[in-house]
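Heads up, the thing below is written out as structure tokens.
Where a number appears in this text, it was derived from the coordinates with a stated rule and is not lab data. Predicted model only: the values in this text are computed from it and were never measured. FYI the Cβ positions are ideal-geometry reconstructions off the backbone, even for glycines, and counts take in every protein chain you see.
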Amino acid sequence: MTSVNAVRGSQAYKGCTEWSSEGLTVQERFADKMSDEKARHDTRLLGDFCALYCRGRHAGRARSPLASPGADLGVYGAVAPVVCDECADLLRYAEQRRALCPKDPKPFCSQCETHCYRPEMRDRMRDVMRYSGPRSILHGHAIDGVRHLLAGRAASRAASAARDKEETR
């Protein structure tokens with residue numbers, strides 16, 4: 001895993017501003033958050049989903065390995081996802097949203113009351129999830145899919161119980 005200090009000169013971070021409240025730059029805060037195994041797993045999964053989507057929906061486009069802050073940190077392992085420019089932009093955006101999510105533990109974005117994705121990016125990610133989710137079972141993510149299904153149902157039940165509790169007040 002790459003350290004925060006090794007990330008400072010990374011090409012993917014050019015133009016980042018200081019994170020004044022903590023004295024950390026955005027890239028240092030990103031690197032710190034990406035040291036969490038859950039965040040790394042979620043980001044790897046997003047990378048796999050975007051690569052699957054790109055292969056299926058953007059087959060005629062030129063694709064290359066992702067150049068991003070997450071890839072610079074080794075989040076994707078030895079090989080970064082191979083995606084087109086459009087999917088690379090979405091994946092870089094998703095990396096930032098995941099790493100800098102203010103919720104702990106992070107809920108499903110679809111069930112979160114704070115939508116930190118821009119509406120057009122949320123729509124694009126929804127398309128990626130709808131396309132890649134069912135197909136991911138055949139591409140090595142069957143266990144992740146079952147976990148996601150169970151966690152989603154538990155989150156829905158908890159949200160429903162919270163709404164019922166609010167209505168009885």
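Which whole-number percentage describes the relative contact order of region 56-167, with Cα contacts under 8 Å and a sequence gap of 6 or more? Kindly include the intermediate steps, with their values, before the conclusion.
Values: 45 pairs, mean separation 19.6, N = 112.
That works out to 18 percent.
Can you list residues from other chains, or at least 5 along the same chain, whose modelled amide H is less than 5 Å from the amide H of T25?
W19
Tell me, what is the FRET efficiency for A151 and S64 to the nearest 0.05, using R0 = 45 angstrom and their Cβ-Cβ distance as r? Present the calculation step by step, with values, prior to reporting the outcome.
Working: r = 33 Å, r/R0 = 0.74.
For R0 = 45 Å, the calculated efficiency reads 0.85.
How do 24-33, 132-141, 155-164 rank on mean C-beta neighbours within 10 Å, highest first? Display every interim value, and only then the final one.
On the way: 24-33: 19.3, 132-141: 14.6, 155-164: 11.2.
Top to bottom by mean Cβ count within 10 Å: 24-33, 132-141, 155-164.
May I have the convex hull volume per residue, in Å³, for the Cα set of region 92-136?
On the way: hull volume 4.0 nm³, N = 45.
Looking at region 92-136, the number lands at 89 Å³ per residue.
Take the alpha carbon atoms of region 4-167, find their radius of gyration, then divide it by 2.2 N^0.38 Å using N residues; give the quotient. Don't skip to the end; give the middle numbers.
On the way: Rg = 16.7 Å, N = 164, 2.2 N^0.38 = 15.3 Å.
Compactness ratio reported: 1.10.
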